[in-house]
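Enquirer: Would you mind keeping the following structure in view while I ask a few things?
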Amino acid sequence: MPRLSFRFKLLFAMMLVVGAVSGVTLYLTQMRVQAAYEKLFKKTLESQITYIPREQELRIGNIKAECERLAKSVRIISTLEDPDAQSQLYSVARDELKIILRAEEELANGDTNAPVASPPSPLALTVPTPELKARQVERLAVKMAEAPKAAERLAAKMAESAKKGGGRPVPPAAPKKMPYLGFLDAEGKVVPIPESMHQLSADRRRFHERLARFGPLVSRLESQQVGYLNLGADHLTEIIVTPVRDDEKLIGAMVYGIQFFDVASAVTEKIISDVNDIESGTWLEDKLYTRTIPDEVRDDLAKQLAREIRAHPEPRDDFIINLHDIPHRVFYTPLNEGSLLPVAYKIGLYSWESALKAQQELRKQILTFSGAALMVALFVSLLLAHGLSVPIRELVGGTEQISQGNFTVQVPVRGQDDLGQLARSFNEMAAGLALKEKYHSILHTIADKDVAQQLLDGKIALGGELREATVIFCDIRGFTALTQNMNPTEVIALLNEHMTALTRVVTEHHGVVDKFIGDSIMAIFGAPKSYGNDALNAVRCAQQMMAVRARLNETSHYHIQMGIGIASGRVLAGNMGSADRSNYTVLGEKVNLASRLCSVARRGEIVLGPTTRALLAEQITVEEMDPMQLKGFSDSVVAFKLVEVRAESQPILQPA
């Protein structure tokens, strides 16, 4: 992946921020617009769904009540029960309907004070007894007297319902045209029309012909049922099927039909569409009846609506369909829910075209604003990038110099801001690193590298610990006589040459040079780290020191002979001294023993203590020396002079 500059990253980040803010703003705005239209649609939908049953009740509520009364007419009951008298059924029903139609017409014209005239009571024509006739005449008189008040109550109810409906116009309470009327007997057969009534219009003949489809429902009728019937040529009729009973016995059904999808309904749909922007219609048996939904979308709507209603007979709140690439919200609610007759649905179509236009306009404005903001952000980013990238590039160059070991590097301080403070801090850090590197070099010069590293790591603190170790003392024999005629410079050169060569040998055998004591070297094996067989490493180191010194005598101006003493055992090892200055060293009886053995060793001899001899066992060949009394030891000490190291293995390299 190519390395990207800071300037590019800053520009990219600014563009990304502006783009993200613009995108989020656009998304949230669209969501808010959509939510506002959703809220408006839900409110409109709720008002429509609430209005539909109220409008239906205002339209046919009184008709249903009169049909109930008509189905209880003694004349109709007696005529429907008598097969021989059924030819008079439609004449009797027509006489009874005159009362209903006259009252409805007077209510529709606003004449609520007009008396309701009616022919003599049906009971008076059917029952000839004087007592019954008198009661019927009295009941008819009471009804005629109460008719104006009933009309007033109905008119007030219609006005109140219209007011509650938000001022929506309410269709006429009853149609002015002569309604359709038909009868079914108890077996569900259509009661035929008498010969004298055969001169009917085509739609009324179709009405009677299609009543037969409701025959199987007669036996299941428990109460009035509202349904809808298509009489062809877009003639949709609303029907009220009322069971006719003699006491509790079902003897048939009366079917009352009024035109539903006509000029009046078209006016109502048009008013609803103008007020609510909802195009409405009626759906019955896979056919859509509407005056407001445009012809160019009807077929597509009908196909999709048929699939939706078949899949969800119980209406959902609404769903979305696309008509000519414009989404529309569609809702449907049953007009005769729970009816035994075919269910008809009131359909509402709400276009999202205005919502889409509003969203497009907002999107255009937001994108224009975002483009302008993007250009401004680009210009500001270039200025910021220039002011930031130059100091950062200088800091990057400085860090590269430090990584290469150049701690003297300094970067320019260009201001008092955060970048200026960062540059000053960088320069102070570089100076501190240079000082620490100097201390590090000096420490490695005056101390063994292992000890120096552990001191730097903080693993060696002021104090000590008991460890098993082997100590070597190596001393030059005849040093005073050798150097008495040398000037100090020559003495220092001699010691430096001698100590440098022997120190390398100690390091190669994983020992630590503890200190230089005049012409003597003190070395430790097993502290501060142990490499396993520290005693063997120490003996091999002493043997190699003798060999190196012998080779050095062949090339050097100085011929030196040495004696070496080695002792093993428990010692106290640690960083000892004061808090201001300390040295890593070891103390103990074995250290003193190694020093004493070195003092008794002759030229070229390596003298071992008893513990070292025991640790190495068969790995070395020694010559036992006579017991000797050493300074600082109450008992005599038996020492061993090293003859040969028989072990061929190299010193252990991994620390234990």
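The values are calculated or read from the model by the stated rules, or taken from the named source; none is laboratory data. Keep in mind the model is a prediction, meaning the values are calculated, not measured. All Cβ positions, glycine included, derive from the backbone under ideal geometry; neighbour counts span all protein chains shown.
Enquirer: Can you go through V586, V643, V571 and tell me which one is touching a helix residue (DSSP H, G or I) at 6+ places or on another chain (Cβ under 8 Å) and either part of a strand (DSSP E or B) or over 30 Å from G464 (Cα atoms) (or both)?
Expert: The conditions single out V571.
Enquirer: Does any residue of the stretch 327-344 turn out to be assigned to a loop (DSSP other than H, G, I, E, B) and of a type in the set (S, T, N, Q)?
Expert: Checked against the condition, which is being assigned to a loop (DSSP other than H, G, I, E, B) and of a type in the set (S, T, N, Q), the stretch 327-344 yields at least one hit.
Enquirer: A further question on this structure: For S568, state whether it is polar (S, T, N, Q) and either touching a strand residue (DSSP E or B) at 6+ places or on another chain (Cβ under 6 Å) or not assigned by TED's automatic domain parsing to the domain that holds T503 (or both).
Expert: In short, yes.
Enquirer: So, one more: Restricting to the stretch 546-585, count the residues that are crowded, with 23+ Cβ neighbours inside 10 Å and of a type outside the set (S, T, N, Q).
Expert: To start, the set of residues in the stretch 546-585 that are crowded, with 23+ Cβ neighbours inside 10 Å comprises 562, 564-568, 571, 573, 584.
Of the ones still in play, those that are also of a type outside the set (S, T, N, Q) are 562, 564-567, 571, 573, 584.
Summing the residues that are crowded, with 23+ Cβ neighbours inside 10 Å and of a type outside the set (S, T, N, Q) in the stretch 546-585 gives 8.
Enquirer: Out of curiosity, is A535 within 30 Å of A481 (Cα to Cα) and in contact with a strand residue (DSSP E or B) (Cβ under 6 Å, 6 or more places away or on another chain)?
Expert: Values: within 30 Å of A481 (Cα to Cα): no; in contact with a strand residue (DSSP E or B) (Cβ under 6 Å, 6 or more places away or on another chain): yes.
No, not satisfied.
Enquirer: Take the stretch 405-437 and flag every residue that is modelled with pLDDT of 80 or more, assigned to a helix (DSSP H, G or I) and under 24 Å from K9 (Cβ atoms).
Expert: Once the filter is applied, which keeps residues that are modelled with pLDDT of 80 or more, assigned to a helix (DSSP H, G or I) and under 24 Å from K9 (Cβ atoms), the stretch 405-437 yields Q421, L422, A423, S425, F426.
Enquirer: One residue is enough: does the stretch 374-389 have a residue meeting the conditions in contact with a Ser or Thr (Cβ under 6 Å, 6 or more places away or on another chain) and in contact (Cβ under 8 Å) with a residue 60 or more places away in the chain?
Expert: Initial filter on the stretch 374-389 (in contact with a Ser or Thr (Cβ under 6 Å, 6 or more places away or on another chain)): none.
Within the stretch 374-389, none of the residues are in contact with a Ser or Thr (Cβ under 6 Å, 6 or more places away or on another chain) and in contact (Cβ under 8 Å) with a residue 60 or more places away in the chain.
Enquirer: Here's a follow-up. Under the condition of being more than 18 Å from N575 (Cβ to Cβ) and in contact with a strand residue (DSSP E or B) (Cβ under 7 Å, 6 or more places away or on another chain), which residue from the stretch 512-522 is surrounded by the fewest Cβ atoms within 10 Å (Cβ to Cβ)?
Expert: The qualifying residue surrounded by the fewest Cβ atoms within 10 Å (Cβ to Cβ) is S520.
Enquirer: Further question on the same structure: It is to be established whether one or more residues within the stretch 541-554 are modelled with pLDDT of 90 or more and touching a Pro at 6+ places or on another chain (Cβ under 9 Å).
Expert: yes
Enquirer: Then there is this: Specify which of the listed residues (I392, I460, I402) is outside any strand (DSSP E or B), at pLDDT 80 or above and under 56 Å from the mean Cα position of the chain (by Cα).
Expert: I402
Enquirer: While we're looking at this one, here's another question. Might you check whether a residue that is at pLDDT 90 or above, in a strand (DSSP E or B) and closer than 16 Å to V548 by Cβ occurs anywhere in the stretch 514-529?
Expert: Within the stretch 514-529, one or more residues are at pLDDT 90 or above, in a strand (DSSP E or B) and closer than 16 Å to V548 by Cβ.
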